[in-house]
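*Asks:* Structure below; questions to follow.
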Amino acid sequence: MTSKLSISAGQGNDKGIKPHNEDACGIYLPEEPLLTTKGIAMVIADGVSSSETARKASESCVTGFLKDYFSSPESWTVKTAGQRVLGALNRWLHAQTQKVARTNGGMLTTLSALIIKSTTAHLFHIGDTRIYRLRDRQLECLTQDHQVWWTSHRAFLGRAMGASVNLEIDYRKLPVEIDDIYVLTSDGVYEFINSRELTDLLSRHDDPERAARAIMTRALENGSDDNVTCQVLRIKRLPGQDEEEFHHHLSELPFPPSLDNGMVLDGYRIVREVHASERTRIYVAINSDTDEKVIIKTPSNSFDGDPEYIECFLHEEWVGRRINNPHVLRVLEPLQRKSFLYYVTEYIEGQTLRQWMTDHPRPTLAEVRNIVNQLVTGIRAFHRLEMVHQDLKPENIIIDDNGTVKIKGFGSTKIAGIREISTPQEQHHPLGSLNHAAPEHYLGHSSSNRFDIYALGVIAYEMLTGVLPYGKALTARNLKHVHYHHAYQFNDEIPVWLDGTLAKAVHLHPEQRYNLLSEFNYDLSHPHKSFVKNMTEPLIERNPVAFWRGLAIALLILNVLLIYILSATNI
């Protein structure tokens, strides 16, 4: 059976000799699928003692972090999710601090969080709580105290949640090994127990709950005058699959047979087949509950038993189910428990952008801007979830009968959060059209949001000119020999500043491209000053075709005029 991440954990929290307890802690062990996509979280917080609301601050951070982290998109990386959640909590605490600072000093707290996802530990740290790791009886403190020493005997907290609008978070990630032990403690513990004692107590107690209690007790026996909090987590088993297990998991659902008109598949009545290729078959079907048309996409039987193909097919559905945007094709929940491998999408009456371009070989700038604006909205939905589509092309864009543009084709989408999950198979999803793939793909570099910006720039250029910006599809061999062809050479209606916008979007070097979709979209309609400057260049440099055409016309007119004058003179 496939092994999953398994841990044992325990914690303790006590006010010690103080009248009030200002510490807080929490552990959350989710069920699947969150166990795989989000991991396990452990958090400790120590409210700043000078604040009357210290307990409220620490508790709010612990409960808020655990709730909001596991509610964040599964496609986000741990780092993105953790930092955004902590940033939001910090802004809330700071706002509360501004309201109550005059009376009780505000809501301030330290915080340390440990997340174990797949085979990696992710650490977030603000303040002077600590995270330790015991491995092979070697104890290591993995965090650095944020303290400012005023004198040799007195230190002040240099960083805390709620102290400032801008939060600086220490983040690091480390590989996890079986039998690793992680310990989170407040200063009321670690200031009164040395490394040797801590190692000894952890080694003596196999049960994490007992170990945490024993550590707290020892700190109090050693004279701790503060609240005492300790959490202990032991790694029992790491997720892992051998290739046979992995392939078996992918093959749990069989490939469906060829579907004929009138057949019923899990509550969907097949109407007709609309597309068939070597990789997929697509059918129009009727939802038996609502009588609405849907699209059913099934894998080709030619790939039955091919794990890479099956993973890619499942990947498409996973992406589509997590994006809700009017400009992205909706992948629907199945009516029943699926008996075969397939997925269902909304049905759209319309045409692909490629077909639209054939029907509109010379569209107006307004029409192109309208389509690009809708595409930007759809692509942004991917980027906000830390996804890169990686296969934007006219064939993967649909325009319905109302003019609404929708993006489809999610098989190549790169998902940052999923890439953190280890599998026995390399996570590789083939890229689509070579005409629209960014150059970094051919150089073996990792793709970023700029990959999609490049593809969008090529699509806009192609709509306006009917050709590709470099004259041909890019390859690893020709990258050094191609050059950008100015768009106004193929379309006289394209101003120089707009050509500059397109050239920046499709620049061969990612760092020279637009960083944000909104910047590109804005510059398509508003002349950028740097591109306007180029309009002062001589026409022969800006548009040699227009220059020579104009010169030829001028010479023709001059010749006609000379002939007329000579004729008149002879008369």
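*Asks:* If Thr110 satisfies all but one of (1) farther than 30 Å from Arg237 by Cα; (2) modelled with pLDDT under 95; (3) of a type outside the set (A, V, I, L, M, F, W, C); (4) in contact with a helix residue (DSSP H, G or I) (Cβ under 9 Å, 6 or more places away or on another chain), what's the number of the condition it fails?
*Replies:* (2) is the only condition that Thr110 fails.
*Asks:* Would you say Arg279 is modelled with pLDDT of 95 or more, out of contact with any Cys (no Cβ under 6 Å at 6 or more places or on another chain) and of a type outside the set (Phe, Trp, Tyr)?
*Replies:* No.
*Asks:* Test of understanding: among Asn534, Asn515, which residue is touching a helix residue (DSSP H, G or I) at 6+ places or on another chain (Cβ under 8 Å) and at pLDDT below 80?
*Replies:* Asn534
*Asks:* In region 8-55, what count of residues is obtained for those that are crowded, with 18+ Cβ neighbours inside 10 Å, of a type in the set (D, E, K, R) and either within 24 Å of Trp92 (Cα to Cα) or within 23 Å of the chain's Cα centre (by Cα) (or both)?
*Replies:* The number of residues fulfilling the criteria is 5.
*Asks:* Select, from Pro73, Pro19, the only residue that is touching a residue at least 40 places away in the same chain (Cβ under 8 Å) and either assigned to a loop (DSSP other than H, G, I, E, B) or among the basic types (Lys, Arg) (or both).
*Replies:* That would be Pro73, the only listed residue that is touching a residue at least 40 places away in the same chain (Cβ under 8 Å) and either assigned to a loop (DSSP other than H, G, I, E, B) or among the basic types (Lys, Arg) (or both).
*Asks:* If you take the residues of region 472-506 that are outside any helix (DSSP H, G or I), over 32 Å from the mean Cα position of the chain (by Cα) and not hydrophobic (A, V, I, L, M, F, W, C), which of them is surrounded by the fewest Cβ atoms within 10 Å (Cβ to Cβ)? Steps first, answer last, please.
*Replies:* The first filter runs over region 472-506 and keeps only residues outside any helix (DSSP H, G or I), leaving 472-486, 490-495, 506.
Going one step further and asking which of them are over 32 Å from the mean Cα position of the chain (by Cα), we end up with 481, 485-486, 490-495.
With the extra rule that they be not hydrophobic (A, V, I, L, M, F, W, C), the set shrinks to 481, 485-486, 491-493, 495.
Values: His481: 7, His485: 17, His486: 20, Asn491: 18, Asp492: 11, Glu493: 11, Pro495: 16.
Per the stated criteria, the residue is His481.
*Asks:* Another question, then. Is region 310-323 home to any residue that is surrounded by fewer than 16 Cβ atoms within 10 Å (Cβ to Cβ) and in contact with a strand residue (DSSP E or B) (Cβ under 6 Å, 6 or more places away or on another chain)?
*Replies:* Yes, region 310-323 contains at least one residue that is surrounded by fewer than 16 Cβ atoms within 10 Å (Cβ to Cβ) and in contact with a strand residue (DSSP E or B) (Cβ under 6 Å, 6 or more places away or on another chain).
*Asks:* In this structure, is Ser60 of a type outside the set (Phe, Trp, Tyr) and either on the phi > 0 side of the Ramachandran plot or in a loop (DSSP other than H, G, I, E, B) (or both)?
*Replies:* no
*Asks:* Now for a separate question. For region 280-390, please list each of the helices (runs of 4 or more DSSP H) lying entirely inside it that holds at least 3 residues being in the same structural domain as His526 (by TED's automatic domain parsing) and under 22 Å from the mean Cα position of the chain (by Cα).
*Replies:* Fully inside region 280-390 and qualifying: 365-384.
*Asks:* Given the conditions (1) assigned to a helix (DSSP H, G or I); (2) out of contact with any strand residue (DSSP E or B) (no Cβ under 7 Å at 6 or more places or on another chain); (3) not hydroxyl-bearing (Ser, Thr, Tyr), report the number of the one that Asp452 does not fulfil.
*Replies:* Failing condition for Asp452: (2).
*Asks:* Run down Ser525, Ser518, Ser530 and say which single residue is surrounded by fewer than 18 Cβ atoms within 10 Å (Cβ to Cβ), among the small types (Gly, Ala, Ser) and under 25 Å from the mean Cα position of the chain (by Cα).
*Replies:* Answer to the selection: Ser518.
*Asks:* For region 192-243, how many residues are β-branched (Val, Ile, Thr) and farther than 26 Å from His20 by Cα?
*Replies:* Filtering region 192-243 down to residues β-branched (Val, Ile, Thr) leaves 193, 199, 215, 217, 228-229, 232, 235.
With the extra rule that they be farther than 26 Å from His20 by Cα, the set shrinks to 199, 235.
Residues that pass the stated criteria total 2.
*Asks:* Considering only residues that are of a type outside the set (Val, Ile, Thr) and under 18 Å from Asp291 (Cβ atoms), which ones fall in region 331-348?
*Replies:* The answer is Leu332, Glu333, Pro334, Leu335, Gln336, Glu346, Tyr347.
*Asks:* Here is a follow-up. Given the criteria in a helix (DSSP H, G or I), of a type in the set (Gly, Ala, Ser) and either in the same structural domain as Asp170 (by TED's automatic domain parsing) or within 22 Å of the chain's Cα centre (by Cα) (or both), does Ala121 qualify? I'd like the intermediate steps shown before the answer.
*Replies:* Values: in a helix (DSSP H, G or I): no; of a type in the set (Gly, Ala, Ser): yes; either in the same structural domain as Asp170 (by TED's automatic domain parsing) or within 22 Å of the chain's Cα centre (by Cα) (or both): yes.
Here the answer is no, as Ala121 does not meet what is asked.
*Asks:* Also, quick follow-up: Going through region 283-299 one residue at a time, which ones are surrounded by fewer than 17 Cβ atoms within 10 Å (Cβ to Cβ) and without any contact (Cβ under 8 Å) to a residue 24 or more places away in the chain?
*Replies:* Those that are surrounded by fewer than 17 Cβ atoms within 10 Å (Cβ to Cβ) and without any contact (Cβ under 8 Å) to a residue 24 or more places away in the chain: Thr290, Asp291.
*Asks:* Quick one: is Ile407 within 30 Å of Tyr488 (Cβ to Cβ) and touching a helix residue (DSSP H, G or I) at 6+ places or on another chain (Cβ under 6 Å)?
*Replies:* The answer is yes for Ile407.
The values are calculated or read from the model by the stated rules, or taken from the named source; none is laboratory data. Owing to the predicted nature of the structure, the values given are computational and were not obtained by experimental measurement. Reconstructed Cβ throughout: ideal geometry from the backbone, glycine too, with neighbour counts over all protein chains shown.
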